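The values are calculated or read from the model by the stated rules, or taken from the named source; none is laboratory data. All of these numbers come straight from a predicted model, not from anything done at the bench. Quick reminder, even Gly has a Cβ in these numbers, built from the backbone with ideal geometry, and neighbours come from all protein chains shown. Calculation scope for accessible area: heavy atoms of the full protein, side chains included, ligands and nucleic acids excluded. Shrake-Rupley method; radii C 1.70, N 1.55, O 1.52, S 1.80 Å.
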Amino acid sequence: MRNSTRKLSYIQAIVEAQREEMRRDDRVILMGEDIAVYGAQTLFDEFDESRLWNTPISEGSFTGVGVGAALTGLRPIVDLTIASFAYLASDQIINQAAKLRFMTGGQLKVPFVVRLSTFYNNRTAAQHADRPYPLFMNTPGLKVVAPATASDMKGLLKSAVRDDDPVVIFEDINLWGKKEEVPCDEDFLVPIGKADVKRIGSDVTIVAFAGSLPPALAAAELLGKEGIDAEVVDLRTLVPMDKEAILTSVAKTGRLVIVDNSHRTGSVASEIAAIVSEEGFESLRKPIQRVTTPAIHIPYNPTVEKQLYPTKEIITAAVRKIL
């Protein structure tokens with residue numbers, strides 16, 4: 001099994017990662033609202049109510065229970081289902097889980113994973129469609145992960161479960177059905193904090209992550225037909241960010257386009273632009289370009305909503321602007 005693979009969708013990879021970690025370590029529990037609805041039905045065939053906690057719709061309460069469980073030696077995975085629900089649980093994540101190790105001088109650890117699914121581009125309207133990566137990036141003590149492929153999701157979720165610090169892991173509903181060959185090895189891990197170059201190129205660097213990776217790769221293929229060689233760097237982890245991978249790529253290409261599905265102001269793209277401006281400015285031959293979602297609330301109308309997010313056409317236009 002160590003070198004074998006099987007084709008899994010992104011959401012199937014999430015379930016497999018949880019199943020393998022629950023089998024490996026009986027301290028791992030899964031809790032959240034409607035966990036049997038969003039892909040985890042098969043886990044109920046194998047594990048009982050001591051390992052699977054289907055909770056009431058009270059995000060602050062059950063997230064607090066998860067933090068307490070982590071403090072007593074369990075390793076909970078808390079599924080908040082929709083990323084916008086994290087606002088309701090933010091005190092437990094930001095003010096408790098992220099700070100307790102620091103405030104106790106390392107005497108306490110919080111091995112705690114929060115799963116957040118970004119439900120945008122799906123007619124879920126303003127109160128359900130946020131992509132709140134920056135909120136958690138701005139919180140010391142949290143690791144923040146946002147995989148774009150099934151393999152990376154499996155490997156990073158397993159790494160998150162084994163980590164002794166709280167990890168916020170974003171999954172993207174637009175990727176749930178995308179399939180690829182995923183390693184079957186139960187010890188397959190993707191290290192937290194390491195980016196991956198998904199496409200090698202020499203003319204321009206395109207940095208993307210999570211749901212912004214597919215349009216970035218599509219844009220790179222389109223540009224390739226025009227003789228423009230784009231390198232695509234998949235961040236995979238937002239905190240700690242792999243600055244070396246970004247700066248190395250920009251040193252090679254001299255141009256940078258950042259693709260980010262969160263709002264433009266104070267975004268992931270803003271942080272990357274600041275890093276490259278401060279630490280790699282001498283490499284830049286043209287101004288940095290940010291391709292983001294505008295700072296407006298997400299409408300229910302699907303035709304209007306789809307126009308807000310980065311597309312391959314918008315990304316290619318940004319690249320051409322700096323060539």
Filter result for GLY280 (on the phi > 0 side of the Ramachandran plot and either in contact (Cβ under 8 Å) with a residue 24 or more places away in the chain or open to solvent by less than 10 Å² (accessible area, probe 1.4 Å) (or both)): no
Residue check for ALA40: within 18 Å of the chain's Cα centre (by Cα), open to solvent by less than 10 Å² (accessible area, probe 1.4 Å) and of a type in the set (Gly, Ala, Ser): no
Residue match in the stretch 92-104 (condition: within 26 Å of THR124 (Cβ to Cβ) and either part of a strand (DSSP E or B) or open to solvent by 70 Å² or more (accessible area, probe 1.4 Å) (or both)): no
Count of the stretch 26-46 residues which are farther than 25 Å from GLY177 by Cβ and out of contact with any strand residue (DSSP E or B) (no Cβ under 8 Å at 6 or more places or on another chain): 1
Condition check for ARG264: closer than 15 Å to PRO134 by Cβ and of a type in the set (D, E, K, R): yes
In the stretch 250-265, the residues that are open to solvent by 10 Å² or more (accessible area, probe 1.4 Å), closer than 16 Å to ILE228 by Cβ and touching a helix residue (DSSP H, G or I) at 6+ places or on another chain (Cβ under 8 Å): ARG255
Residue, modelled with the lowest pLDDT, within the stretch 1-18, restricted to residues that are surrounded by fewer than 18 Cβ atoms within 10 Å (Cβ to Cβ) and out of contact with any Lys or Arg (no Cβ under 9 Å at 6 or more places or on another chain): MET1
Sole exception among (1) assigned to a helix (DSSP H, G or I); (2) closer than 24 Å to LEU175 by Cβ for GLY66, by number: (2)
Extreme residue, farthest from PRO76 (Cα to Cα), among residues of the stretch 129-145 that are open to solvent by 10 Å² or more (accessible area, probe 1.4 Å) and not in a loop (DSSP other than H, G, I, E, B): PRO134
Among (1) open to solvent by 10 Å² or more (accessible area, probe 1.4 Å); (2) at pLDDT 95 or above; (3) of a type outside the set (S, T, N, Q), the one test that ILE296 misses: (2)
Unique match (being crowded, with 18+ Cβ neighbours inside 10 Å and touching a residue at least 60 places away in the same chain (Cβ under 8 Å)) among ALA148, ALA126, ALA160: ALA148
Residue that is under 29 Å from ASP130 (Cβ atoms) and aliphatic (A, V, I, L, M), where the choices are ILE200, ILE272: ILE272
Residue among LEU247, LEU238, LEU213, LEU223 that alone is open to solvent by 10 Å² or more (accessible area, probe 1.4 Å) and either touching a residue at least 60 places away in the same chain (Cβ under 8 Å) or over 19 Å from PRO134 (Cβ atoms) (or both): LEU247
The stretch 69-91, residues that are assigned to a loop (DSSP other than H, G, I, E, B) and either open to solvent by less than 10 Å² (accessible area, probe 1.4 Å) or on the phi > 0 side of the Ramachandran plot (or both): GLY73, LEU80, THR81, ALA89
